[in-house]
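> The structure under discussion is supplied below as C-alpha cells; questions concerning it will follow.
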Amino acid sequence: MDIRMNRRAFLVIGTAAAGLAGRVRAQTLAPRIVVYKSPTCGCCSAWVEHMESAGFVVDARDVDQDSLNALKQQSGITPDLISCHTALVDGYVLEGHVPAGDVERLLTERPQALGLSVPGMPIGSPGMEMGNQRETFDTLLMFWDGSTEIFQRHI
C-alpha cells in the first residue's frame, strides 16, 4: 500500500495534533482545587461546575458542618469572611463564590496572602445566579493577620 501525504494533508493533521497536545497539556497543568462543602448545598455544586467550565480540575468533598467550620478556622478565615464552602488551591484558600477569573488572576500574580473570599452569598456571583438579578460584590484578598483589601469589584 502506497501512502503519500501532500503538504495540505500534512498541515491539517499536524495542526489537529498540535491542538490536541495543547488541550492535553492544559488539562495536566490546570490547577487542582479541593473544595469542602455540604452535601446538600446546590449553590456549592454550581460553583464547582463554574470552576470546572473555566478549566480547573476540581475535587469536591462533601463534609459535615462541624468539619467545614473547623477547616475554616484552621485556614485562618475570620467570621466576617465566611461563606458556604471553602477551597484550597496551590497554597491559597478560597472562601465562597469567588469567580474563576479572580482565581486565575490570584494564581498569576501570586500575592503574599492567605487567599480570596466572597463573604456571604451575593446574588449573581458564580453559583448564586438568579436570572438577571445581580448584587454588586467584592472579592477580598485575605491576609494572615485577618486584614483584607478589595481584590476585584464585581458590578
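> Could you run through the range 66-93 and say how many residues are over 19 Å from G127 (Cα atoms) and either assigned to a helix (DSSP H, G or I) or small (G, A, S) (or both)?
So the count comes out to 13.
> In addition: Tell me the strands (runs of 3 or more DSSP E) entirely within the range 94-155 that contain at least 1 residues that are hydrophobic (A, V, I, L, M, F, W, C) and over 19 Å from V48 (Cβ atoms).
137-142, 148-154
> Only residues that are exposed (fewer than 13 other Cβ atoms within 10 Å of the Cβ) and under 16 Å from C84 (Cβ atoms): list them for the range 30-40, please.
Scanning the range 30-40 gives P39, T40.
> Any idea how many residues of the range 41-86 are exposed (fewer than 14 other Cβ atoms within 10 Å of the Cβ) and closer than 19 Å to F143 by Cα?
So the count comes out to 5.
> Now, a different point. Does Q27 fit the bill of being loosely packed, with under 14 Cβ neighbours inside 10 Å and at pLDDT 95 or above?
No; evaluated as a whole, the condition is false for this residue.
> List pairs: first residue in the range 140-155 and more than 12 Å from Q112 (Cα to Cα) and surrounded by fewer than 17 Cβ atoms within 10 Å (Cβ to Cβ), second residue modelled with pLDDT under 95 and of a type in the set (V, I, T) anywhere in the structure, Cβ distance under 8 angstrom, at least six positions apart or on different chains.
Every condition considered, no pair remains.
The values are calculated or read from the model by the stated rules, or taken from the named source; none is laboratory data. Every value quoted in this text rests on a predicted model; they were computed, and no experiment measured them. Neighbour counts are summed over all protein chains in view; Cβ atoms, including those assigned to glycine, are modelled from backbone coordinates with ideal geometry.
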